[in-house]
1. Find how much the distance from LEU291 to THR237 grows on full extension, using 0.36 nm per residue of separation minus their present alpha carbon separation; answer in nm with one decimal.
2. Pull up all non-local amide H partners of ARG231: gap of 5 or more, or a different chain, and H-to-H distance under 5 Å with H placed in the peptide plane.
3. What is the sum of charges, Lys and Arg at +1 and Asp and Glu at -1, for the other residues whose Cβ falls under 11 Å from the Cβ of ILE174?
4. Taking a probe of 1.4 angstrom, what is the accessible area of ARG348 in Å², to the nearest 10?
5. For the stretch 223-287, what is the charge dipole size about the Cα centre, in debye to the nearest 20, if Lys and Arg each add +1 at the Cβ and Asp and Glu each add -1 at the Cβ?
6. Karplus couplings for the stretch 261-270 from phi (6.51 cos²θ - 1.76 cosθ + 1.60, θ = phi - 60°), rounded to Hz, Gly and Pro as x?
7. Between HIS109 and ASP208, how many nm apart are label points set 7 Å from Cα along the C-beta direction?
8. Quick one: if the Förster radius is 25 Å, what FRET efficiency do GLU272 and GLU345 give, using the C-beta to C-beta distance and rounding to 0.05?
Amino acid sequence: MLRKMSNNLLNTLSKRSFISLNHPRLSSAHLQPEPAPSSRSEEEQQQRRHKSNRHSRVTVPVLAASSFLSWFTKKSDEDSPESQLITAIKMSILNIQREEYKKAEQMLHVALKMAQDLQSKDGVTYIYDIMANLAMEVGDFKKAEKLFANVMQRLFADGFVEDHIKMLHISSKIAHIAQLQGHLDKALQGFEWTLAKLEENLKKVGEDKEIRELWGITKNWYALALMELKRFAEAKTCFIEAYDAYTEIHGKLTEEGLTILNNLSVACSNLEDYASAERYLKEAISLAAQLPDLTEVGVYKANLGLLYLQQGLLKQATEFCSFAWKYGKQHQHEETVTQANYCLEQIRAYQK
């Protein structure tokens with residue numbers, strides 16, 4: 001049951017799942033100039049970058065519940081301390097799923113105290129890992145980094161080596177945090193080290209689902225960092241590799257897979273390979289039609305409108321951006337409305 005709750009947490013943290021073409025507020029890969037960095041405080045720049053990237057990431061899982069809390073499999077009474085701890089963790093994860101982050105953090109502190117009272121080293125480590133993921137989700141990067149470092153130290157103390165999959169999960173996240181803070185050199189070093197270790201592990205053990213999935217997720221994050229550095233050709237290659245890895249495991253009908261397709265389209269657009277950008281976006285739109293609860297399809301259509309505008313195809317651009325605006329209003333999806341408004345503004349400017 002706890003493994004299922006952990007997987008649900010992963011799915012919740014993964015649903016903010018696209019980058020938008022051109023619009024500065026939503027995209028790390030836009031074509032329009034932004035204000036010079038000196039006009040913003042470092043904190044404002046980090047908050048803007050977090051807003052941009054939280055719509056473009058595929059989130060790596062929290063550490064596996066089964067390995068950390070195996071002692072929970074023991075039969076216990078409903079009123080036992082162990083059962084109460086399980087309930088506290090479940091409530092924390094449910095609050096995260098509902099985006100009630102303050103309640104989640106409060107409940108996690110309660111769970112942490114309970115685990116400490118039970119003298120469960122594994123339980124404490126697992127809860128710290130959830131806390132770190134939550135901090136990263138809400139943009140408290142210093143706290144997240146500190147908590148992840150704590151988890152890593154506890155794993156080292158338990159005998160885990162640096163290239164163990166649990167360690168590599170955290171290494172990938174720490175590199176992603178550096179990216180979200182704009183420390184791109186540090187991020188690239190972290191991603192490249194993590195990817196190298198994952199590839200060494202794959203050579204040793206052959207195909208391994210967990211290693212392959214983490215490799216794909218890390219490739220996606222690495223590509224996003226490359227996009228910020230305008231290394232679009234390299235980013236495109238990494239997005240393709242990430243998409244292949246992710247869809248091998250989960251199939252094509254997932255929000256996360258569509259995220260990577262949209263990212264790939266943005267990379268192609270920046271390379272002025274509009275035919276490929278259009279093909280990837282149309283594939284994302286087609287697949288999204290099979291996911292009835294996916295509201296991001298409006299953003300994909302606005303992006304397609306912008307692609308047509310870049311090619312001077314005003315009729316098609318107007319059609320798709322107008323559809324996206326109506327769709328966003330109908331579904332009360334702020335990101336779609338924002339991207340569609342930007343698209344329509346660009347069309348009006350183009351016509352002047």
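1. Numbers: separation 54, 0.36 × 54 = 19.44 nm, distance 2.65 nm.
Full extension from LEU291 to THR237 adds 16.8 nm.
2. none
3. Result for the local shell: +2.
4. 130 Å²
5. Result for the stretch 223-287 is approximately 120 debye, rounded to the nearest 20.
6. 4, 5, 4, 4, 4, 4, 4, 5, 4, 5
7. In this crude label model, HIS109 to ASP208 measures out at 3.7 nm.
8. It comes to 0.70.
The values are calculated or read from the model by the stated rules, or taken from the named source; none is laboratory data. Quantities reported herein were computed from a predicted structural model and do not represent experimental measurements. Cβ atoms come from the backbone with ideal geometry, glycine included; neighbour counts cover every protein chain shown. These accessible areas exclude ligands, DNA and RNA; they are computed on the full protein's heavy atoms, side chains included. Shrake-Rupley method; radii C 1.70, N 1.55, O 1.52, S 1.80 Å.
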